[in-house]
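Notes for the one structure printed next.
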């Protein structure tokens, strides 16, 4: 009986030590997260980017927001993606959100499509295409036709193709915009638009915008 009681006591002590160790690890983890969140307020852009990387490692794409820590990190990254003074930091925060918290990203991507810096707008276009966010089609079309930066216009066609892949037929507004983009002053944009039309329609009628417009008209008549 005495041996049995000693075994029970030892088991309780061992269990207590494990619980205490787990509690300590939890406190250390919380402290680390707070330090990393504080790093987003650093005056050094490099330090802020390092904080983004560290925080991103704590996010799980499968987490739908049930964890308070997850929500706290996401809110901080959203604020950084839309409000940091450095465009490289904003772009890094957006990229981290898309990779590690995709469920929480669409509205932030939408906001970043209107960013003042082409680096961030371009990152947002890529993200919208990667995630195939249909409600952003109009915003991407607007960038394709009106953005002053060629690097942004050039990546819009591929994003439109990716988003269109979710639909049985290519959206008419996307096809029309791509035809108009064939008249862009930059050859790289015209090439990207033509390649997108070829992928969406399964044929190639050359460089002329008029040829593509006739093809679209024929498609409409057949329907």
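Readers should treat all values here as calculations from the given coordinates under stated rules, not as data from a laboratory. Everything quoted here is computed from the prediction, not taken from an experiment. Heads up, the Cβs are rebuilt from the backbone with ideal geometry, glycines too, and the neighbour counts pull from every protein chain shown.
Listed from fewest to most Cβ neighbours within 10 Å, the set 96, 67 follows the order 67, 96. Sorting 70, 57 by the number of Cβ atoms found within 10 Å of their own Cβ, with the fewest placed first, yields 57, 70. Roughly what % of Cα-Cα distances in the range 28-104 sit above 22 Å, to the whole percent? Result for the distance tail: 14 percent.
Between residue 222 and residue 146, what's the calculated FRET efficiency when r is the beta-carbon distance and R0 is 30 Å? Round to 0.05. So the FRET efficiency works out to roughly 0.45.
Rg then Dmax, both in Å and based on the Cα atoms of the range 140-223: 11.9, 37. For the range 68-112 and the range 119-158, what is the centre-to-centre distance using only Cα atoms, to the nearest Å? Comparing the Cα centres of the range 68-112 and the range 119-158, I get a distance of 17 Å. Arranged from fewest to most other beta-carbon atoms within 10 Å of their beta carbon, 179, 156, 112 become 179, 112, 156.
As a calculated quantity, the FRET efficiency between residue 43 and residue 132 at R0 = 35 Å, using C-beta atoms, amounts to about 0.40. Label separation (residue 211 vs residue 71): 5.6 nm, computed from points 7 Å beyond Cα along the C-beta direction.
When the alpha-carbon atoms of the range 76-223 are used, the pair Rg, Dmax equals 15.9, 52 angstrom. Rounded to 0.05, the FRET efficiency of the residue 186 and residue 54 pair, given R0 = 35 Å and the Cβ-Cβ distance, is 0.35.
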